[in-house]
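Asks: Sharing a structure here in structure tokens format.
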Amino acid sequence: MRRWGNLIAFVILVAAVVVAPFVFSHYRTYQLAFVGIYLTALVGLNILTGFTGQISLGHGAFMGVGAYTTTILVVDHGWRDLWTIPLAGVVAGACGLLFGLPATRFAGPYLALATFAIPLSFIGILKRFPELTGGNIGKNLPQLHSEFGVHANPSVWFYFVCWAVALVMFPAAFFIVRGRFGRSLRAVRDSEIASTANGISTASVKTAAFGISAFYCGVAGALFGIGITYVNPDTFPIDLSILLLTGIVVGGAGSLWGMLFGALFVEFIRISWGPWLLDRVSSVHHVNTHAPGSGLVVYGAILLACLFVAPAGVAGLVRRLATGKSTVAAWTKPPRATPSDPATGAETP
């Protein structure tokens with residue numbers, strides 16, 4: 001039954017994606033394209049964090065690797081931007097594998113601190129080789145335009161490209177986490193000692209999870225670079241990695257469907273509607289919202305409210321409502337970590 005439920009939900013998602021450009025303006029369609037980009041990145045990071053239990057604060061850099069791979073191939077070597085997307089994912093995935101090999105020695109906060117060094121090093125590398133990356137100035141990509149004889153608005157074209165990729169990567173993640181490899185991921189997350197005793201190579205599983213998640217982020221980064229038509233070291237700051245992790249928590253770690261809510265949160269609450277909320281607070285309460293740190297205060301308040309209402313993420317809240325636990329106490333009570341509880345990431349899609 002769950003498999004049929006997932007299939008029906010996916011068909012509804014595809015229908016909504018097809019209809020959206022005919023309902024919303026071109027500007028809103030352009031924003032929704034970035035929801036598809038963040039969905040791809042969050043699904044990849046969720047395989048590492050939600051299903052394997054490895055916290056990463058460096059996957060924004062893997063998005064940067066994908067974006068710079070696309071940019072360099074397009075600007076310096078004349079490639080068509082769409083053809084670079086798979087290669088951008090492969091390059092980022094290879095970087096993830098290289099980092100995953102030594103990272104298997106760490107766990108918990110030590111791993112988080114180690115991954116935090118990735119964006120720091122990435123920004124330094126970009127500035128160290130300006131002849132390749134453009135240095136602080138960066139590189140410009142061609143403006144958005146439709147291809148293959150399709151005559152469409154550039155925003156609509158970009159939207160369908162992003163969501164076509166997302167609608168391939170999203171179900172692929174279901175196949176990754178539902179099979180034997182997915183069970184290995186959850187076994188490593190629940191207990192490395194027990195998984196080793198049962199013949200699972202924890203080092204191989206962790207390394208593979210790093211590679212897969214980096215591949216997803218590399219693909220998302222390539223689309224991101226194509227969409228903004230410009231990349232430089234400031235395009236992929238350190239807080240992008242934190243923002244991706246926030247999307248995982250808000251959507252519900254270990255729930256692939258929850259990443260839809262996480263992507264919407266990242267694009268609209270944090271990036272698009274954040275300035276609007278600040279302006280509203282300023283006009284109503286006469287607060288200087290342009291002071292340093294004001295945006296972070298408002299964003300932090302929204303994030304704390306979300307976590308209070310749904311500590312297991314939006315996906316966990318939806319499951320509790322669906323099962324009839326509709327009281328506030330049931331919403332705010334963290335779920336028990338049982339092997340059969342999907343809110344903890346133990347679900348079999």
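Asks: Checking Leu57 against (1) in contact with a Phe, Trp or Tyr (Cβ under 6 Å, 6 or more places away or on another chain); (2) crowded, with 23+ Cβ neighbours inside 10 Å, only one condition comes out false. Which one?
Replies: It is condition (2) that Leu57 fails.
Asks: Confirm whether Val168 is over 23 Å from Val75 (Cβ atoms), within 18 Å of the chain's Cα centre (by Cα), part of a helix (DSSP H, G or I) and free of Cβ contacts under 8 Å to residues at least 12 places away in the same chain.
Replies: yes
Asks: Hey, another quick one. Within the group Val150, Val156, which residue is of a type in the set (A, V, I, L, M, F, W, C) and open to solvent by 50 Å² or more (accessible area, probe 1.4 Å)?
Replies: Going through Val150, Val156 in turn, the sole match is Val150.
Asks: Going by what's in this entry, would Ala112 be described as part of a helix (DSSP H, G or I), closer than 30 Å to Ser201 by Cα and out of contact with any helix residue (DSSP H, G or I) (no Cβ under 7 Å at 6 or more places or on another chain)?
Replies: Yes.
Asks: Could you tell me which residue of the range 21-48 is nearest to Phe175 (Cα to Cα), considering only residues that are open to solvent by less than 10 Å² (accessible area, probe 1.4 Å) and of a type in the set (Gly, Ala, Ser)?
Replies: Selected residue: Gly44.
Asks: Cβ contacts < 9 Å: first residue part of a helix (DSSP H, G or I), restricted to the range 20-42; second residue open to solvent by less than 70 Å² (accessible area, probe 1.4 Å) and of a type in the set (Asp, Glu), any location; separation 6+ or different chain. Result?
Replies: Note: pairs meeting the criteria are Gln31/Glu267; Leu32/Glu267; Phe34/Glu267; Val35/Glu267; Ile37/Glu267; Tyr38/Glu267.
Asks: Checking the condition over 18 Å from Ala166 (Cβ atoms), modelled with pLDDT of 85 or more and aromatic (Phe, Trp, Tyr), which residue from Phe265, Phe236 passes?
Replies: Exactly one of Phe265, Phe236 is over 18 Å from Ala166 (Cβ atoms), modelled with pLDDT of 85 or more and aromatic (Phe, Trp, Tyr), namely Phe236.
Asks: What pairs can you find where one residue is in the range 189-204 and in contact (Cβ under 8 Å) with a residue 24 or more places away in the chain and closer than 19 Å to Thr49 by Cβ, the other is part of a helix (DSSP H, G or I) and aliphatic (A, V, I, L, M), and their Cβ atoms are less than 7 Å apart, with a gap of 6+ or different chains?
Replies: Thr202/Val188
Asks: Those residues that are in contact (Cβ under 8 Å) with a residue 40 or more places away in the chain, hydrophobic (A, V, I, L, M, F, W, C) and open to solvent by 40 Å² or more (accessible area, probe 1.4 Å), I need them from the range 72-112; list them, please.
Replies: Val75, Val90, Val91, Ala94, Cys95, Leu97, Phe99, Leu101, Ala107, listed by residue number.
Asks: What number of residues in the range 155-183 are at pLDDT 90 or above and in contact with a Ser or Thr (Cβ under 7 Å, 6 or more places away or on another chain)?
Replies: Total meeting the criteria: 7.
Asks: Still on this structure, I have one more. Specify which of the listed residues (Phe224, Phe175) is closer than 22 Å to Ala41 by Cβ and touching a helix residue (DSSP H, G or I) at 6+ places or on another chain (Cβ under 8 Å).
Replies: Exactly one of Phe224, Phe175 is closer than 22 Å to Ala41 by Cβ and touching a helix residue (DSSP H, G or I) at 6+ places or on another chain (Cβ under 8 Å), namely Phe224.
The values are calculated or read from the model by the stated rules, or taken from the named source; none is laboratory data. Computed from a predicted structure; not experimentally measured. Heads up, the Cβs are rebuilt from the backbone with ideal geometry, glycines too, and the neighbour counts pull from every protein chain shown. The protein model used for the area step is the full one, side chains on, heavy atoms only, and it has no ligands, DNA or RNA in it. Shrake-Rupley method; radii C 1.70, N 1.55, O 1.52, S 1.80 Å.
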